[in-house]
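Chemist: My structure is below; once you've seen it, I'll send some questions.
The values are calculated or read from the model by the stated rules, or taken from the named source; none is laboratory data. If you're wondering where the values come from, they're calculated on a predicted model, not measured in any experiment. Every residue, glycine among them, receives a Cβ derived from its backbone with ideal geometry; neighbour counts consider all protein chains shown. Just so you know, the surface numbers come from the protein's heavy atoms only, side chains and all, with ligands and any DNA or RNA stripped out. Shrake-Rupley method; radii C 1.70, N 1.55, O 1.52, S 1.80 Å.
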Amino acid sequence: MSNEMQRQVIEGQLAAMPEEIGGKGFWTIFCILLFIIGAGICAYLYQVVYGLTVTGLSHTVFWGFYIMNFVFFIGISHAGTLISAILRLTGAEWRRPVTRVAEAITAFSIMVAGTMILADMGRPDRLLNMISHGRVQSPLLWDLLSVSSYLFSSSVYLFLPLIPDIALMRDKLTSKGWRWALYNLLSLNWKGTDVQRARLEKAISAMAIMIIPLAVSVHTVVAYVFAMTLRPMWHSTIMGPYFVIGAIFSGLAALLIVMAIVQKSLRLEGVLKEIHFQYLSNLLLVFFGAWFYGTICEYLVTGYGGASAEMRVLSSKMLEEHTWMFWTMIFCMAGTFFILTPWDWVVKRLRLPVATVSPWHAFPLMVLGWVGVFMTISFTPGNPLLWVSGVAYLILFFLILVPSLRQSTVSMAVSASLLVLVGMWLERYSIVVPTLTRPMLEYIGDGSYTPTWVEICITFAGFSAVGLLFMIFSKLFPLISIWEVCEAEEDIPAIVAKLTDEATLPASLQHGSLINESLEVKSNG
Amino acid sequence: MANKLRKTGISRRKVLGGALGLAAASIGLSGCGDLSVDAFMQKHFKELSQEDLAKIFKRLEEEYSKEFGKEFKVNAASAIPGVLFGYALDISRCRGCRRCEYACVKENNTSRNPQIHYIRVSEIDASKGVDLVHARLDYNPAKVPEPGRTYIPVQCQHCREAPCTKVCPTHATWTEPDGIVVVDYNWCIGCRMCMAACPYGARFFNWAKPQIRPDEVNTDVHYLGNRPRPVGVVSKCSFCINRVRRGRYPACVEICPSGARKFGNLLDPESEIRQILLRKKVFVLQPELNTQPKFYYFYSVGRGFDI
């Protein structure tokens with residue numbers, strides 16, 4: 001088959017994807033998500049009528065689930081920026097099939113993050129006051145400015161690489177229905193001429209350069225909402241960088257999960273290959289390291305200093321009512337580390353006299369973990385939650401060493417990513433709530449926070465909305481950047497050939513050319 | 001053709017009606033009734049002309065009298081030139097009777113349900129000095145003061161460098177020329193950033209529409225002070241702006257049975273507050289935060305009892 005023919009086959013198959021999507025499973029999930037969002041909207045209307053008193057918020061703990069979700073969704077949104085912009089600028093070829101999904105997650109999670117702020121506001125009807133009379137001295141105005149410009153530019157950044165694909169989709173259509181009209185409108189008269197291509201490349205590069213500092217600023221100012229107050233364990237200089245690292249960490253995890261879903265449900269194993277999961281898992285491990293370093297810095301410095309107000313917050317997290325959230329977070333992250341670390345590689349590099357890794361080889365590490373758990377339990381012997389977490393940790397530890405799990409890069413990446421998402425959401429909890437439960441003037445007394453059904457409904461609705469928006473997007477536009485994948489047609493076989501030469505690469509990564517694979521998969525399905 | 005026209009006419013009317021209905025429903029829903037088009041379009045307090053103010057007062061008076069069945073008088077008496085209000089609290093005389101708390105609630109029309117108290121008196125073991133770590137809000141003996149106890153009331157400190165006004169995203173809270181930190185309840189968006197910034201826990205959010213019994217409501221109200229609050233906004237102690245700008249003491253000062261509370265003009269060298277600053281050893285809460293409160297604490301006499 002000639003290159004041109006191969007290219008047309010890929011274009012045809014990928015462009016047909018949106019039409020093919022929509023089996024029974026798709027619409028069932030679609031309806032379930034719609035229902036959850038409907039429940040969330042009802043809960044919100046209930047809150048509008050009766051005021052925020054229907055939430056679990058109080059005078060001491062006046063920020064809760066909504067603000068945590070806001071921080072979390074903004075964090076998720078960092079997936080797109082990192083993958084797309086940084087990898088584009090550094091010319092990482094393997095990014096090509098990954099960028100579209102990443103950019104879509106970004107745009108949708110920022111939209112949902114915005115709704116979380118609306119849900120938290122006492123007077124959403126006065127939102128425009130922030131625009132007409134915004135005070136530039138307020139961290140919330142920095143938030144408004146950077147988040148809205150981030151939403152705008154990431155939407156543009158999602159749209160720009162879509163233009164050639166939209167034009168392609170339009171040309172593949174046989175009848176002129178509403179789809180044709182939509183594609184025709186959005187394709188901006190794209191004809192694929194050299195001038196147009198040059199302009200598009202230029203625009204994408206410019207956006208990629210601009211969007212990186214913008215994304216860093218977004219999560220930094222989100223952190224500043226907390227850090228600019230004088231509250232213990234909020235008023236800390238590490239908050240900005242720590243939030244940015246946490247954001248990229250959770251964003252990568254979200255991207256891996258969505259990629260796995262797309263790969264499995266659309267049978268795109270030939271395009272979204274194991275190597276993509278492997279690279280992103282490696283990146284996830286790197287960001288685990290960065291996150292862990294930030295956590296150590298924050299907690300060790302605070303704990304060693306021992307200032308009374310800060311110690312009250314610290315002990316509420318580690319030993320008192322927030323132990324469950326805090327230690328589950330730590331266990332999740334520890335699990336991520338154990339799953340993602342390439343133990344076989346470690347064994348090989350250290351020239352350990354072991355052929356394969358078995359659970360018993362990790363026994364010393366496990367003992368070390370348990371010493372830590374016991375030391376903590378000895379401070380609070382009456383806390384059963386800590387015991388539960390400890391046992392869960394043990395089970396997790398054995399699970400991750402199950403050989404069948406370790407053989408699949410995708411399932412390892414997904415299980416690590418799920419742990420990261422849970423862990424990062426719990427981290428948002430243990431940043432926002434514990435500080436509020438221990439006010440600076442101690443006489444006010446300790447606050448407590450239990451979310452109500454309204455907050456839980458709206459939270460689930462938020463997660464569902466990200467999913468629903470993504471599903472609608474997948475029904476309209478290709479989830480793989482067709483023109484970018486085709487552009488690298490010549491490069492990819494070379495890269496793959498080069499990679500397969502290395503003896504260190506597992507057999508599962510030694511693929512043939514992209515085109516043959518995708519053809520095979522498609523014809524099988 | 002005619003049929004077609006009629007059809008489009010109907011659908012257009014339907015669409016318009018639907019849109020209007022939706023708008024009306026949303027206005028009805030948000031703010032449960034206290035949000036009118038006028039209130040929605042209202043300008044910032046500092047941009048209002050005298051005529052605008054008169055109109056707003058009329059609207060508010062109507063709204064309040066409808067709600068409570070009483071005639072209300074809304075004013076916005078402005079700051080007196082050459083006045084900077086300051087407060088001093090004599091810890092040695094405070095007996096922890098909490099009369100100030102309830103006088104404040106009555107004067108300021110703060111919500112009874114959910115309960116909001118601008119002043120909160122706490123009890124400390126006297127041997128510990130003013131150690132707020134060991135303070136308790138929920139003391140409840142048959143008789144106060146108890147021996148070996150110090151009482152310390154905390155309310156808005158009206159800081160010179162107020163962290164709360166610094167972080168407000170909409171200029172809904174600011175320091176008036178006479179040093180009173182106020183909130184425009186018709187401008188606040190309810191983000192609660194000021195509550196996060198305040199180290200004294202002195203700002204209170206109206207989680208629900210404040211409930212006040214009509215027979216308990218104070219009908220003489222100031223726009224920036226004690227007027228009935230809408231739901232979803234932050235409110236706080238205003239040194240009883242409605243009283244002090246017309247030459248009266250705040251309600252808490254007036255009610256205090258032991259004379260522990262002192263109030264006056266910091267710019268007048270002859271005022272009681274200046275004499276206290278001159279002669280007594282005063283301190284402020286959390287001076288290390290550089291908030292520079294205009295609310296001072298002092299001991300006028302020894303505690304008068306052993307530990």
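Chemist: Taking H as built 1.01 Å from N, whose amide H comes closer than 5 Å to the amide H of residue B:159, not counting residues under 5 places away?
Modeler: Long-range HN contacts for residue B:159: B:294.
Chemist: Further, regarding this structure: Too long at a 26 Å Cα-Cα cut-off: which of B:128/B:280; B:43/B:106; B:55/B:294; B:43/B:262?
Modeler: Going by Cα-Cα distance, B:43/B:106; B:55/B:294; B:43/B:262 fall outside the 26 Å limit.
Chemist: Under 29 Å Cα to Cα from residue A:348, which lysines show up? Leave out anything in the same chain fewer than 8 places away.
Modeler: Straight-distance partners of residue A:348: A:273, A:498.
Chemist: Ballpark to the nearest 100 Å², how much total accessible area do B and A bury together, probe 1.4 Å?
Modeler: So the total buried area for this chain pair works out to about 3900 Å².
Chemist: While we're on this one: Quick one: which bits of region A:42-77 get at least 40 Å² less accessible when the partner protein chains are in, versus the chain alone, with a 1.4 Å probe?
Modeler: Listed in order, they are A:48, A:49, A:52, A:53, A:59, A:62, A:63.
Chemist: May I ask which of A:24/A:172; A:264/A:475; B:58/B:236 have a Cα-Cα span longer than 21 Å here?
Modeler: As for pairs spanning more than 21 Å Cα to Cα, those are A:24/A:172; B:58/B:236.
Chemist: Take every Cα-Cα distance within region B:113-179, group them into 10 Å bins from 0 onward, and report for each bin the whole-number percent of pairs it holds.
Modeler: Once binned at 10 Å, the Cα pair distances of region B:113-179 give 16, 34, 28, 19, 4.
Chemist: Moving on to the next point. Highest mean first, what order results for A:254-267, A:182-195 on Cβ atoms within 10 Å?
Modeler: So the order, starting with the most tightly packed, is A:254-267, A:182-195.
Chemist: Setting aside same-chain residues fewer than 8 positions from residue B:143, which aspartates and glutamates have a Cα under 18 Å from its Cα?
Modeler: Within the straight-line limit of under 18 Å, residue B:143 reaches these aspartates and glutamates: B:101, B:123, B:125.
Chemist: Can you tell me the FRET efficiency between residue A:171 and residue A:197 if r is taken as the Cβ-Cβ distance and R0 is 22 Å, rounded to the nearest 0.05?
Modeler: Calculated value: 0.85.
Chemist: List, in order, the whole-Hz ³J(HN,Hα) value for each residue of region A:307-314 obtained from phi through the Karplus relation with A = 6.51, B = -1.76, C = 1.60 and θ = phi - 60°; use x for Gly and Pro.
Modeler: For region A:307-314, the Karplus curve yields 4, 4, 5, 6, 5, 5, 5, 4 Hz.
Chemist: A further question on this structure: Provide Rg over Rh for region A:272-312; use the alpha carbon set for both Rg and the Kirkwood Rh (inverse mean inverse pair distance).
Modeler: 1.37
Chemist: Let me ask another. Label-point separation (nm) for residue B:70 and residue B:43, each offset 7 Å from Cα along Cα-to-Cβ?
Modeler: Rounded to a tenth, the inter-label distance reads 3.3 nm.
Chemist: Going by Cα centres, region B:188-218 and region B:52-106 are how many Å apart?
Modeler: 14
Chemist: Using modelled backbone amide H atoms (1.01 Å from N, in-plane), which distant-in-sequence or interchain residues come within less than 5 Å of residue B:75's amide H?
Modeler: B:221, B:222, B:223
Chemist: Can I ask one more? Per DSSP helix of 4 or more residues, -39500 (n - 2.57); summed, then divided by the residues of chain B. What does that give at 222 nm, rounded to the nearest 500?
Modeler: After summing the helix terms and dividing by the residues of chain B, the value is -8500 deg cm²/dmol.
Chemist: Let me ask something else. Give the ranking of A:299, B:249 by solvent-accessible surface, highest area first, calculated with a 1.4 Å probe.
Modeler: From most exposed to least exposed: B:249, A:299.
Chemist: How far apart, in nm, are two points set 7 Å out from the Cα along the Cα-to-Cβ line at residue A:46 and at residue B:128?
Modeler: So the two model labels end up 4.0 nm from each other.
Chemist: Still on this structure: Quick one: pull the percent of accessible area on region A:81-165 belonging to carbon and sulfur, 1.4 Å probe, ligands and nucleic acids left out.
Modeler: 77
Chemist: Okay, moving on. If you take every residue apart from residue A:95 with its C-beta less than 10 Å away from the C-beta of residue A:95, what net charge results, scoring Lys and Arg +1 and Asp and Glu -1?
Modeler: After counting each charged neighbour, the total is 0.
Chemist: Now for a separate question. Could you derive backbone 3J(HN,Hα) for region B:175-191 from the dihedral phi with the Karplus parameters 6.51, -1.76 and 1.60 (θ = phi - 60°), listing whole Hz in sequence and x where the residue is Gly or Pro?
Modeler: Values per residue, Gly and Pro as x: 9, 6, x, 8, x, 8, 8, 10, 10, 8, 5, 8, 10, 4, 9, x, 7 Hz.
Chemist: A further question follows. Multiply the residue gap between residue A:290 and residue A:159 by 0.36 nm, knock off their C-alpha separation, and tell me the result in nm, one decimal place.
Modeler: Contour length minus the Cα-Cα distance gives 44.0 nm.
Chemist: Based on the Kirkwood radius over alpha-carbon pairs, what value in µm²/s does the Stokes-Einstein equation return for the translational diffusion coefficient of chain B at 20 °C and 1.002 mPa s?
Modeler: Taking Rh from Cα pairs, D becomes 100 µm²/s.
Chemist: Then there is this: Evaluate the distance, in nm, between pseudo-label points positioned 7 Å from the Cα of residue A:346 and of residue A:34 along their respective Cα→Cβ axes.
Modeler: For the pair residue A:346/residue A:34, the computed spacing is 4.8 nm.
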